[in-house]
Amino acid sequence: MGRKSIAGLVALAALTAGAAGCTVQPAGADGKGGSPVRIEVPSRTPSAPAPKSPASRAPAPVGPGKSSPPSAPAPRVLWSPGDSGRDIRELQARLRQVAWIFEGPTGTYDDATAKAVRGFQGKRGLPGTGVTDSVTWQRLLGMTREPGKWELYLMGGQPADAPDPRCRTGRVLCISKSSRTLRWMIDGRTVDTMPVRFGSEYTPTREGVFQVYWKSRHHVSTLYDSPMPYALFFSGGQAVHFSADFAARGYGGASHGCVNVRDEGAIARLYGQVRNGDKVVVHW
């Protein structure tokens with residue numbers, strides 16, 4: 001074969017290699033003795049790139065001088081377990097309105113209050129922390145109304161107002177309809193104070209100055225067939241006495257004209273100290 005023929009074959013092989021990605025071994029300097037043309041053809045088509053892992057799709061780290069977008073600030077904590085005061089009474093009164101708590105209000109952020117707050121939060125998709133933050137409080141405000149004074153003090157605990165001037169001398173049961181409290185006073189000094197409840201508008205508790213005329217430890221009303229333990233009678237059938245209904249329902253109910261006491265321990269102490277003839281003042 002002539003040199004031109006060999007050169008042509010080499011050129012053809014080189015052209016084929018360039019098109020198919022082959023490897024060509026050139027001939028010797030004299031055109032002889034070179035190894036045959038070798039063509040390598042891929043056995044299969046290359047597969048597509050593997051999908052990126054979630055990590056590889058993550059955004060690149062923020063570079064120097066750049067900051068990430070600011071996150072929303074955490075809600076401000078308003079009240080938490082152990083707190084006390086008028087605000088806690090309002091929280092508890094509002095939770096009562098939406099049936100998340102049934103005790104109190106007591107004015108103390110106790111376990112029952114934390115449990116009620118946690119339940120309220122969970123029902124509305126809020127973090128169930130049991131702590132009242134600004135978001136929880138705003139949601140509760142939107143679902144309830146402003147509680148009245150006797151909702152805040154439904155089960156007692158209200159402060160007593162100043163004693164009537166007629167109570168400042170002697171031994172006196174000083175009973176205020178304004179603050180719904182009874183002061184047991186001796187010579188102008190307050191010995192004990194307790195919340196009390198009165199009759200309804202149809203069976204009002206009489207006002208004025210009276211005296212204890214009869215004590216009856218295990219009394220039962222003959223008119224209403226209801227227990228009146230530790231009864232201190234001061235005007236007809238009206239007496240100061242313990243009321244289980246007042247203890248259970250608070251100011252959600254009323255008496256038939258008597259002065260009800262809800263704290264059995266307090267009325268038991270009072271019953272032991274009061275004598276027949278001691279003064280009773282019922283005032284506004």
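Run the numbers for TRP150 and ARG86: contour at 0.36 nm per residue of separation, minus the present Cα-Cα distance, in nm. Let's see the in-between values first.
Working: separation 64, 0.36 × 64 = 23.04 nm, distance 1.25 nm.
Using 0.36 nm per residue and subtracting the Cα-Cα distance, I get 21.8 nm.
Hey, what do the phi angles of region 250-266 turn into as Karplus ³J(HN,Hα) couplings, whole Hz, using 6.51/-1.76/1.60 and θ = phi - 60°, x for Gly and Pro?
Working through the residues one at a time gives x, 7, x, x, 8, 8, 9, x, 6, 9, 7, 10, 9, 9, 5, x, 5 Hz.
Provide the percentage of antiparallel DSSP beta bridges, counting only those with both residues in region 173-284; round to the nearest 5.
On the way: 25 of 33 bridges.
Restricted to region 173-284, the bridges split so that about 75 percent are antiparallel.
Amide H neighbours of ASP83 under 5 Å, counting only residues 5+ apart in sequence or on other chains, H built in-plane at 1.01 Å?
Distant-sequence amide H within range of ASP83: TYR109.
Determine the alpha carbon to alpha carbon distance for each of LYS215/LYS279; LYS177/LYS279; LYS149/LYS177 and list only those over 23 Å.
Working: LYS215/LYS279 14 Å; LYS177/LYS279 17 Å; LYS149/LYS177 14 Å.
Among LYS215/LYS279; LYS177/LYS279; LYS149/LYS177, the Cα-Cα distance tops 23 Å for no pair.
Once ligands and nucleic acids are excluded and a 1.4 Å probe is used, how much of TRP214 is accessible, expressed in Å² to the nearest 10?
110
Can you sort THR203, THR129, THR136 by 1.4 Å-probe accessible area, starting with the largest?
Numbers: THR203 35, THR129 75, THR136 10 Å².
Result of the area sort, largest leading: THR129, THR203, THR136.
How much of the accessible area of region 125-281, probe 1.4 Å, is carbon plus sulfur, in whole percent? Show your work: numbers first, answer last.
Numbers: 3840 of 7400 Å².
The value for region 125-281 is 52 percent carbon and sulfur by accessible area.
In percent, how large is the relative contact order of region 131-284, given Cα pairs closer than 8 Å and 6 or more residues apart?
Once normalised by length, the contact order is 25 percent.
Taking the full set of protein chains and a 1.4 angstrom probe, give the accessible area of ARG206 in square angstrom, rounded to the nearest 10.
100
So, R0 is 41 Å and r is the distance between the beta-carbons of LYS123 and ASP245; what FRET efficiency does that work out to, to 0.05?
Working: r = 32 Å, r/R0 = 0.77.
Efficiency for this residue pair is about 0.85.
Ordering MET194, MET143 from largest to smallest accessible area (1.4 angstrom probe), what's the sequence?
Values: MET194 5, MET143 85 Å².
Correct descending sequence by accessible area is MET143, MET194.
For LYS123, give me every one of the aspartates and glutamates with a C-alpha distance below 18 angstrom, ignoring sequence neighbours fewer than eight places off in its own chain.
In chain and number order, the partners are ASP133.
Would you kindly find the accessible area of PHE120, with a 1.4 Å probe and non-protein molecules such as ligands, DNA and RNA excluded, rounding to the nearest 10 Å²?
The value for PHE120 is about 0 Å².
The values are calculated or read from the model by the stated rules, or taken from the named source; none is laboratory data. Treat the numbers as computed from the prediction; the structure is a model and nothing was measured. Virtual Cβ from ideal backbone geometry, glycine too; neighbours counted across all protein chains shown. Surface areas here come from the heavy atoms of the whole protein model, side chains and all, with no ligands, DNA or RNA. Shrake-Rupley method; radii C 1.70, N 1.55, O 1.52, S 1.80 Å.
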